[in-house]
1. Sort out which residues of region 37-61 are outside any strand (DSSP E or B) and either more than 22 Å from Ala93 (Cβ to Cβ) or open to solvent by 50 Å² or more (accessible area, probe 1.4 Å) (or both), and write them in order of number.
2. Scan region 69-107 for residues that are touching an Asp or Glu at 6+ places or on another chain (Cβ under 9 Å), over 12 Å from Ile50 (Cα atoms) and open to solvent by less than 30 Å² (accessible area, probe 1.4 Å) and jot them down.
3. Looking at Glu34, Glu58, Glu105, Glu64, can you tell me which residue is free of Cβ contacts under 8 Å to residues at least 24 places away in the same chain and in contact with a Ser or Thr (Cβ under 9 Å, 6 or more places away or on another chain)?
4. State all residues of region 1-18 that are among the β-branched types (Val, Ile, Thr), open to solvent by 60 Å² or more (accessible area, probe 1.4 Å) and in contact (Cβ under 8 Å) with a residue 24 or more places away in the chain; if no residue qualifies, say none.
5. Quick one: Ala22 ticks every box in (1) over 20 Å from Asp94 (Cα atoms); (2) open to solvent by less than 50 Å² (accessible area, probe 1.4 Å); (3) outside any strand (DSSP E or B) bar one, so which box is it?
6. I'd like to check something: does region 65-87 contain any residue that is hydrophobic (A, V, I, L, M, F, W, C) and touching a helix residue (DSSP H, G or I) at 6+ places or on another chain (Cβ under 6 Å)?
7. At pLDDT 95 or above, among the charged types (D, E, K, R) and out of contact with any strand residue (DSSP E or B) (no Cβ under 9 Å at 6 or more places or on another chain) - does that describe any residue in region 13-27?
8. Out of the residues in region 62-90 meeting the condition of being farther than 22 Å from Pro16 by Cβ and part of a loop (DSSP other than H, G, I, E, B), tell me which one is farthest from the chain's Cα centre (by Cα).
Amino acid sequence: MATIVSQNITEAGLNPTMTAVAETGDQFSNTGNEFLLITNGSGDSLLVTITAQTTTVEDRRMGELTKANSTITIANGASGLIGFFQMAAYSDADGYVQITYGAAESVTIAV
């Protein structure tokens with residue numbers, strides 16, 4: 001699993017540097033302000049999963065609430081955006097968000 005460094009967008013804009021995804025998945029440090037740009041050149045549609053770390057919470061008014069993983073399906077030759085990721089739901093014990101991919105070849109990402 002590789003750690004991807006977040007890039008900062010400013011008023012002047014950002015030409016993001018895309019990184020090849022790791023076959024075993026990736027992670028990034030989460031502040032709650034990040035989103036992902038994923039480009040799929042794999043030849044098939046691509047499922048990207050962002051793993052929820054806290055999946056249930058108890059609310060005194062609403063009872064038990066469930067948080068699912070976030071997913072996006074990206075067509076071949078297309079790009080997709082997904083985010084933001086609430087820290088309490090998506091950050092692991094070290095403050096990272098975990099990402100997995102249905103395929104890794106010819107897939108790139110920027111955070």
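1. Gly41, Ser42, Gly43, Asp44, Ser45, Gln53, Thr54, Thr55, Arg60, Arg61
2. Listed by number, the list holds a single entry, Ala104.
3. Numbers: Glu34 fails: free of Cβ contacts under 8 Å to residues at least 24 places away in the same chain; Glu58 fails: in contact with a Ser or Thr (Cβ under 9 Å, 6 or more places away or on another chain); Glu105 fails: free of Cβ contacts under 8 Å to residues at least 24 places away in the same chain.
One residue alone meets the criteria, Glu64.
4. To start, the set of residues in region 1-18 that are among the β-branched types (Val, Ile, Thr) comprises 3-5, 9-10, 17.
Still in the list and also open to solvent by 60 Å² or more (accessible area, probe 1.4 Å): 3, 5, 9-10, 17.
The answer is Thr3, Val5, Thr17.
5. (1)
6. Of all residues in region 65-87, those hydrophobic (A, V, I, L, M, F, W, C) come to 65, 68, 72, 74-75, 78, 81-82, 84-85, 87.
Subsequent filtering for residues that are touching a helix residue (DSSP H, G or I) at 6+ places or on another chain (Cβ under 6 Å) retains none.
For region 65-87, residues hydrophobic (A, V, I, L, M, F, W, C) and touching a helix residue (DSSP H, G or I) at 6+ places or on another chain (Cβ under 6 Å): absent.
7. Within region 13-27, the subset at pLDDT 95 or above is 13-27.
When the remaining residues are screened for being among the charged types (D, E, K, R), the result is 23, 26.
Next cut, out of contact with any strand residue (DSSP E or B) (no Cβ under 9 Å at 6 or more places or on another chain) only: none.
Within region 13-27, not a single residue is at pLDDT 95 or above, among the charged types (D, E, K, R) and out of contact with any strand residue (DSSP E or B) (no Cβ under 9 Å at 6 or more places or on another chain).
8. Just the residues of region 62-90 that are farther than 22 Å from Pro16 by Cβ, to begin with: 62-69, 86-89.
Next, only the ones that are part of a loop (DSSP other than H, G, I, E, B) stay: 62, 67-69, 86.
On the way: Met62: 28, Lys67: 15, Ala68: 13, Asn69: 10, Gln86: 11 Å.
Ranking the qualifying residues of region 62-90, first place goes to Met62.
The values are calculated or read from the model by the stated rules, or taken from the named source; none is laboratory data. Since this is a predicted model, take the numbers as computed values, not measurements. Quick reminder, even Gly has a Cβ in these numbers, built from the backbone with ideal geometry, and neighbours come from all protein chains shown. Ligands, DNA and RNA are stripped out before the accessible areas are found, and what is left, the full protein with its side chains, is counted by its heavy atoms. Shrake-Rupley method; radii C 1.70, N 1.55, O 1.52, S 1.80 Å.
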